[in-house]
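Some notes on the structure that comes next.
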């Protein structure tokens, strides 16, 4: 059975991006989903000096090892001030130091959501530009606007948006 790694680029205990990523993963039949919480991978703020003195932190290498075991990645990015959240950017920095091509060519369903009408489009565009340079194989993408108005009881309530996600999930499923 295929294994997918599912996580949000957020450390919020009530992350809407984790809810979206988990929901998207639930739409994929015949896979085992490993849902990660970035709070379980506490890392010091990246610095070259710290890396030289202490090496790559265990939590970064542990996260990378989990990614290596997966057949695909479902990631929903939180957007803070139009960019990655600090916790995700820090993880990304450490991962890229441990292995520059840190997405490992794995098929990726890349998403973002926010409470606003743009649905995290700024951070999604940033990742679409940056991640391929780190060997991301982005096979599906989805921007989910107005989270609170369109998501309830663990699922997307807006039929049109749900249909859009289903198309992206199907592309992802066919790639793993």
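Remarks
- Cross-chain or 6+ apart pairs with Cβ under 9 Å, region 36-47 first and outside any loop (DSSP other than H, G, I, E, B), then modelled with pLDDT of 95 or more and loosely packed, with under 12 Cβ neighbours inside 10 Å: 39/13
- If the condition is being in contact with a strand residue (DSSP E or B) (Cβ under 7 Å, 6 or more places away or on another chain) and assigned to a helix (DSSP H, G or I), then region 133-157 contributes 147, 150.
- Number of positions in region 140-176 that are in contact with a helix residue (DSSP H, G or I) (Cβ under 7 Å, 6 or more places away or on another chain) and either on the phi > 0 side of the Ramachandran plot or in contact (Cβ under 8 Å) with a residue 60 or more places away in the chain (or both): 9
- Here residue 16 meets the list (1) touching a strand residue (DSSP E or B) at 6+ places or on another chain (Cβ under 7 Å); (2) farther than 21 Å from residue 142 by Cα almost entirely, failing just condition (2).
- Conditions (1) surrounded by 21 or more Cβ atoms within 10 Å (Cβ to Cβ); (2) out of contact with any strand residue (DSSP E or B) (no Cβ under 7 Å at 6 or more places or on another chain); number of the one not met by residue 174: (1)
- Looking at 89, 18, just one residue is in a helix (DSSP H, G or I) and either surrounded by 22 or more Cβ atoms within 10 Å (Cβ to Cβ) or at pLDDT below 95 (or both), and that residue is 18.
The values are calculated or read from the model by the stated rules, or taken from the named source; none is laboratory data. Note that the coordinates shown come from a computational prediction; the quantities given were computed from them, not determined experimentally. FYI the Cβ positions are ideal-geometry reconstructions off the backbone, even for glycines, and counts take in every protein chain you see.
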